[in-house]
Amino acid sequence: MGKLESSLVLAAMLGTALLAAAVMRAADSAPKVKVDTGKLEGKSDGTINAFLGIPYAAPPVAELRWKPPVRAARWKGVRKATEFGSRCMQGAIYSDMIFRDPGINENCLYLNVWVPATSMRAKSKLPVMVWIYGGGFAAGATSEPRQDGTNLAKQGVVVVSMNYRLGIFGFFAHPELAKESGRNSAGNYGLLDQVAALEWVKRNIAAFGGDPGNVTIFGESAGSFSVSDLMASPVAKGLFQRAIGESGGAFSSQGLPWRTMEQSAETGAMFGEQVLDAKTLADLRAIPAQKVLDAAVNDKKVRFAPNVDGYFLPKPVPVIFAAGTQSDVPLLVGWNKDEENFGVRRENAQSALKETAQKEFGDKADEFLRLYPGATDEQAARSMVDFAGDRFIAFSTWKWMESQTKTGKAPVYRYRFDIQHPADPKRPPNAGAYHSAEIEYVFGALDSEDWISWRPEHHRLSEQMRKYWSNFARTGDPNGPGLPKWPVYNAADGWQVMHLDAELQAENDRHRDRYLFLNSTWAK
């Protein structure tokens, strides 16, 4: 071998050695942690450590389909926690949901943790924020970029998010399921998944630098409904110390009754026999997951959702709050200005508003029109959007905060998210502050939607909201240095609402009469 060839061989060997050393250094520098089921290796950007796709419960498959979650099995060695786990079984329901996971799978009970790198090394006791995604209890997952916990964790909190079972897999009830449960209970498996994730947090979050005695649950839409459910459930008591609800509460509008477990089980049995051609629970569990999902998604007459199962929810949520037996924790709650902006009739708005008043409220139509005025087409269109949003989700959220204020002693803080959304080619023009628009602000994830031309006021509001939310998680009070004062929501202070806009402003509730009217009318 000549000198040139020898030099090339030595250089190649040296390069290989250097590469191997770099790989070893990277592996050594990767954040590691031990939880009750084994060791995990996450990833870090130098500021925030992320541990993704951690199993918090056993795969809910085969005999575990439609059963409460059970603890995940232990593993040997070090488990990589650098990618999101599969999302739970669901159809392609919402076009604005973008996922970064391997796809749908019945094996989906995974959670994620984001934590400041320095705090984790110091074994700090940081406040913990556990996120619950929305999607009508039928869709959603933790892998959405707008729900990434990296930037929120920079506020000095530990952020956790979990997948939970959805649709027919999360909320199917059946007489045989009630019988095998040993407590005549069925359904609500998705909510029990959330409890299992909170139990995992209580057992393990200290290893990440989090304080298991200072946990805030927060969620949007169905996630916000879930927060109110968890506050009501005796099963979840003691697992969290604060709660944040964004657009939604389990207080149905228009006086609609809660479904009982027996009603849900009867519907489930009929669905099993008539749609899936399965007469027994064993038959149902033997059907491939995709076939079950397709049948549920294609059947527009049946919706699988939480019920009063006698265990997770011994009574309807409003009844539990009225009795004052809910978890009495500080609550930060509100909704968006334009919750139901899409699809509202705008042409001939004055006529449409009067038609709605007469159809919905009959002899109380004049009172409705006083509260939802329509002197011009423009004003009538605004009132139509307001009423649609109230009926859709704002009123039920209002009922939740009112119920907590009446029977709870912990403070309530109310907001309305008002900022006008920038032009977005994926949404109709003049979308406003639409349903779910606040999520990327809370997480500081505006840049995840890089097709939108965000302005400085949007980034400023996102930073302010992250501070409010993390302050609340830290102390139960959103206020802190450099932020406008956010008053407590109560009668003594005029039922103050914090308006989250380009300029933050707290003011008395201008629409209280509107909700009192809806409450008195729909209650009958």
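The values are calculated or read from the model by the stated rules, or taken from the named source; none is laboratory data. Source: prediction; values computed, not measured. Backbone-built Cβ (ideal geometry, glycine too); neighbour counts: all protein chains shown.
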Would a scan of the stretch 372-389 turn up a residue that is out of contact with any Pro (no Cβ under 8 Å at 6 or more places or on another chain), assigned to a helix (DSSP H, G or I), hydroxyl-bearing (Ser, Thr, Tyr) and buried (at least 19 other Cβ atoms within 10 Å of the Cβ)?
no
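Between 182, 248, which is of a type in the set (Gly, Ala, Ser) and free of Cβ contacts under 8 Å to residues at least 40 places away in the same chain? Reasoning before the result, please.
Numbers: 248 fails: free of Cβ contacts under 8 Å to residues at least 40 places away in the same chain.
After applying the criteria, what remains is 182.
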Please specify each residue of the stretch 395-433 satisfying the condition of being of a type in the set (Lys, Arg) and either in a loop (DSSP other than H, G, I, E, B) or at pLDDT below 95 (or both).
409, 426, 427
All positions within the stretch 472-496 that are within 23 Å of the chain's Cα centre (by Cα), under 15 Å from residue 415 (Cα atoms) and assigned to a helix (DSSP H, G or I)
472
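Name the single residue that is surrounded by the fewest Cβ atoms within 10 Å (Cβ to Cβ) among those in the stretch 329-371 being charged (D, E, K, R) and touching a Ser or Thr at 6+ places or on another chain (Cβ under 8 Å).
364
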I'd like to verify a number: residues in the stretch 316-365 that are closer than 21 Å to residue 428 by Cα and touching a Phe, Trp or Tyr at 6+ places or on another chain (Cβ under 8 Å), how many?
8
Could you say whether any residue in the stretch 480-492 is without any contact (Cβ under 8 Å) to a residue 40 or more places away in the chain and among the polar types (S, T, N, Q)?
no
Is it fair to say residue 247 is surrounded by 14 or more Cβ atoms within 10 Å (Cβ to Cβ), within 17 Å of residue 188 (Cα to Cα) and not β-branched (Val, Ile, Thr)?
no
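Residues checked against (1) of a type outside the set (Val, Ile, Thr); (2) under 22 Å from residue 477 (Cα atoms); (3) in contact (Cβ under 8 Å) with a residue 60 or more places away in the chain; (4) surrounded by fewer than 23 Cβ atoms within 10 Å (Cβ to Cβ):
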residue: 96; (1), (2), (3), (4): yes, no, yes, yes
residue: 107; (1), (2), (3), (4): yes, no, no, yes
residue: 111; (1), (2), (3), (4): yes, no, yes, no
residue: 129; (1), (2), (3), (4): yes, yes, yes, no
residue: 136; (1), (2), (3), (4): yes, no, yes, yes
residue: 142; (1), (2), (3), (4): no, no, no, no
residue: 153; (1), (2), (3), (4): yes, yes, yes, no
Anything in the stretch 489-514 that is farther than 24 Å from residue 467 by Cβ and of a type in the set (A, V, I, L, M, F, W, C)? List them, or say none.
491, 492
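Which residue, of 510, 474, 514, 466, is of a type in the set (Lys, Arg) and surrounded by fewer than 16 Cβ atoms within 10 Å (Cβ to Cβ)? Working first, answer last.
Details: 474 fails: surrounded by fewer than 16 Cβ atoms within 10 Å (Cβ to Cβ); 514 fails: surrounded by fewer than 16 Cβ atoms within 10 Å (Cβ to Cβ); 466 fails: surrounded by fewer than 16 Cβ atoms within 10 Å (Cβ to Cβ).
Step by step, each of 510, 474, 514, 466 is checked, and only 510 is of a type in the set (Lys, Arg) and surrounded by fewer than 16 Cβ atoms within 10 Å (Cβ to Cβ).
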The stretch 59-118, residues that are in contact with a helix residue (DSSP H, G or I) (Cβ under 9 Å, 6 or more places away or on another chain) and among the β-branched types (Val, Ile, Thr)
61, 70, 93, 98, 104, 113, 115
Can you give me the number of residues within the stretch 311-349 that are modelled with pLDDT under 95 and either part of a helix (DSSP H, G or I) or among the hydrophobic types (A, V, I, L, M, F, W, C) (or both)?
3
Test of understanding: among 157, 201, which residue is surrounded by 24 or more Cβ atoms within 10 Å (Cβ to Cβ) and in contact with a Ser or Thr (Cβ under 8 Å, 6 or more places away or on another chain)?
157
With the structure loaded, tell me whether residue 59 is buried (at least 17 other Cβ atoms within 10 Å of the Cβ) and either of a type outside the set (Gly, Ala, Ser) or on the phi > 0 side of the Ramachandran plot (or both) or whether it fails that test.
yes
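Which residues, counting only those in the stretch 73-124, are assigned to a loop (DSSP other than H, G, I, E, B) and more than 30 Å from residue 296 (Cβ to Cβ)? Break it down into steps so the answer makes sense when it comes.
So in the stretch 73-124, the residues assigned to a loop (DSSP other than H, G, I, E, B) come out as 73-77, 81-86, 88-103, 105-109, 122-124.
Across the stretch 73-124, the qualifying residues are 74, 75, 76, 77, 81, 82, 122, 123, 124.
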